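Take a look at the structure set out below.
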Amino acid sequence: MVTRTVCQVLQRRFSSATAALRASPADVRSQRNAVFSREQARQRALYPRIEKIEVSMQCPGLEGTLLVMNRGMSTPLSCAQHLTEHYVDNSALALVDGEPWSLHQPLTHSCSLTLLTFKDNDPTIANQAYWRSCSALLGQVLETAFKEDFTVELLSTVDVEATAGAFCCDVVLDPQLDSWTPSEESLRSLTRGAQQLIHQDLAWEPLVVVPSVALEVFSHSRCKQEEVEQKASQSPTGTVMLHRCGDHVLLSAGPLVGRMGLCSQYDVTALHSLGEGPWGLQRRAQGLSLPLHMEAHHTVWRKLMQRAGRLVEVPKPEEVTPPTSEQPATNSA
């Protein structure tokens with residue numbers, strides 16, 4: 001009995017010491033923002049002089065229109081602002097020389113430019129970026145939905161097709177929440193959090209970085225560092241793409257749409273338990289959304305919501321090394 005009591009006391013002291021050494025979620029966000037801002041400023045400083053580039057527009061009705069823009073400073077959104085409000089308000093993504101390109105990513109050379117909307121004859125690329133952006137928004141909501149003394153670890157990006165019926169975000173919550181079962185009210189609360197962010201209409205700022213920068217950004221997350229290394233090894237350029245929205249910095253599988261305000265109907269539909277993984281009890285949050293100016297009748301939406309509540313099966317990522325006691329899994333280092 002005495003031995004058990006001593007063990008319990010030591011365990012509580014150890015837990016308290018660990019919590020005291022652990023960076024708070026607010027401190028982690030601040031550190032990630034600082035590294036992102038520093039690298040963003042460094043990249044912008046690579047273009048100290050204003051140099052002109054020619055941008056050939058390829059949008060329907062604008063073929064052959066030539067814009068003279070500033071190298072390393074002007075973005076596809078800057079080009080849209082030289083056209084009409086229609087392109088500013090409705091563009092979701094761009095193609096630069098045929099490659100998907102964020103609206104906020106600076107142009108570095110003379111190029112052809114196509115502005116994509118959700119109502120194009122073939123909106124596939126814009127829809128893929130939108131689905132990915134909805135997942136990013138869900139991750140941002142989850143990261144700030146709990147009290148500051150609870151850690152939230154966003155796992156490797158789950159990039160699924162819209163045909164899956166729901167977008168996804170895999171997460172490991174603080175071990176203190178392992179026994180928590182989300183209720184319908186919990187899902188509604190997450191939905192309200194997403195809608196509040198959408199109302200702010202924040203931009204998703206892109207930043208392509210070398211792995212060492214990304215590893216510094218995610219220095220508190222061994223899981224994210226594993227993902228950085230994996231994505232860098234698969235990238236032809238050896239770089240990875242980050243995005244920042246407000247104070248949330250994420251690692252993305254590709255470009256996101258220009259701003260949160262492009263999301264319209266948006267609901268968090270499920271939070272499934274996937275069982276124990278390398279980083280702890282893994283859960284899959286899911287949701288459903290439609291972009292601005294595209295709404296579904298409430299009866300259709302209800303059926304889509306039911307489908308989006310069913311667990312989305314995705315291919316398992318490559319096996320990663322489980323964290324050790326020297327390498328915490330959560331953003332708690």
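So here's what we get for this one:
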| item | result |
| --- | --- |
| Acute angle (nearest 10 degrees) that the helix 2-21 long axis makes with the longest principal axis of the chain, alpha-carbon atoms | 20 |
| Debye intensity ratio in log₁₀ form over the Cα atoms of region 38-108, taken at each q of 0.11, 0.12 Å⁻¹ | -0.27, -0.33 |
| Placed amide H near W204: partners under 5 Å, 5+ positions off or other chain | R259, M260 |
| Estimated dipole of region 41-118 in Debye, rounded to 20 [Cβ of Lys and Arg +1, of Asp and Glu -1, Cα centre] | 440 |
| Spatial extent of region 23-149: Rg and Dmax, with the Cα atoms as the point set, Å | 17.6, 56 |
| Distance histogram in 10 Å bins (all Cα pairs of region 252-291, percent per bin) | 23, 35, 31, 11 |
| Descending semi-axes in Å of region 154-271, equivalent ellipsoid built from Cα gyration tensor | 26, 19, 14 |
| Computed over region 168-283: relative contact order in percent, which uses C-alpha pairs under 8 Å that are six or more apart | 37 |
| Highest to lowest packing among 124-131, 288-295, 43-50, scored as the average C-beta count within 10 Å | 124-131, 288-295, 43-50 |
| Carbon/sulfur fraction of accessible area - the chain, other protein chains in place, 1.4 Å, % | 53 |
| Förster radius 22 Å - calculated FRET efficiency between Q43 and T65, Cβ distance, rounded to 0.05 | 0.20 |
| Packing rank of 198-205, 212-219, where each peptide gets the mean count of other beta carbons within 10 Å, highest leading | 212-219, 198-205 |
| Percentage of interatomic Cα-Cα distances in the chain larger than 25 Å | 55 |
| Radius of gyration and maximum dimension Dmax of region 212-290, Cα, Å | 15.1, 38 |
| Cα long-axis angle, helix 184-200 against the chain (0 to 90 degrees, to the nearest 10) | 40 |
| Of all DSSP beta bridges in the chain, antiparallel share, percent nearest 5 | 95 |
| Cα long-axis angle, helix 222-234 against the chain (0 to 90 degrees, to the nearest 10) | 40 |
| Dipole magnitude (debye, nearest 20) for region 153-295, charges at Cβ of Lys, Arg, Asp, Glu | 180 |
| Net charge over other residues, Cβ less than 15 angstrom from the Cβ of E54 (K, R count +1; D, E count -1) | -1 |
| Helical mean residue ellipticity (222 nm; -39500 (n - 2.57) per DSSP H run of 4+; nearest 500) of the chain | -11500 deg cm²/dmol |
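The values are calculated or read from the model by the stated rules, or taken from the named source; none is laboratory data. Only a predicted model underlies this, so the values are computations on that prediction, with no experimental measurement involved. No Cβ is skipped: glycine too gets one built from the backbone with ideal geometry, and neighbour counts run over all protein chains shown. Keep in mind that these areas ignore ligands, DNA and RNA; they rest on the heavy atoms of the full protein, side chains included. Shrake-Rupley method; radii C 1.70, N 1.55, O 1.52, S 1.80 Å.
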